[in-house]
């Protein structure tokens, strides 16, 4: 039987017999996929001034990652492994920036980021660096947050970014 799930982090719907391991849209762990009846927007909350500043920094980081991954995807042959990998990374990062913008109550900013590197190995290295920077920053923001909705957002982001770091690392080994 097909069931409607909604991600507690990004709010996107998913149809399936069972929930996937991670949200296919934002990468949140399965425990954030809820029955549609249980969904309440995470971003409809009051943040402290510092949480707002941290969320703005999150938005900026996610904008750069989204733009960079999109450029790397476009720089690789259409439908190739790396085109698809970076296309999906860009989609997930864009979902993160959309949620950060919702927390901030702002429109999406223009998506501009750094340029691609000289080759796929350097792009994968840069991906590892970007994801590691995000993980470290989000762990700090999680530790300093008091709002449970903000904390849940950072827990999910850390999970997703660790997966991105891992896939970049694993592709460099090949």
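Every number here is computed from the coordinates shown, using simple stated rules; none is lab data. Only a predicted model underlies this, so the values are computations on that prediction, with no experimental measurement involved. Virtual Cβ from ideal backbone geometry, glycine too; neighbours counted across all protein chains shown.
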Study note, to complete from the structure: Rounded to whole angstrom, the alpha-carbon centroid of segment 16-40 lies from that of segment 142-173 at a distance of 16 Å
Practice item. Report, in degrees rounded to the nearest 10, the 0 to 90 angle that the Cα long axis of helix 81-104 makes with the longest principal axis of the chain. Key: 30 degrees
Check your understanding: Kirkwood Rh over Cα pairs of segment 1-93 into Stokes-Einstein at 10 °C, 1.306 mPa s: D in µm²/s?
Key -> 106 µm²/s
**Study point:** Mean projection area, nm², convex hull over Cα of the chain
**Key:** 10.4 nm²
Check your understanding: Using alpha carbons only, how many degrees (0 to 90, rounded to 10) separate the axis of helix 148-173 from the longest principal axis of the chain?
Key -> 20 degrees
Check your understanding: Separation between the residue 36 and residue 122 pseudo-spin-labels, each 7 Å from Cα along Cα→Cβ, expressed in nm?
Key -> 4.8 nm
**Study point:** FRET E, pair residue 148, residue 114, Förster distance 45 Å, beta-carbon r, rounded to 0.05
**Key:** 0.85
Practice item. Measure nothing but the geometry: give the 0 to 90° angle between the long axis through the Cα atoms of 120-144 and the longest principal axis through the Cα atoms of the chain, rounded to 10°. Key: 20 degrees
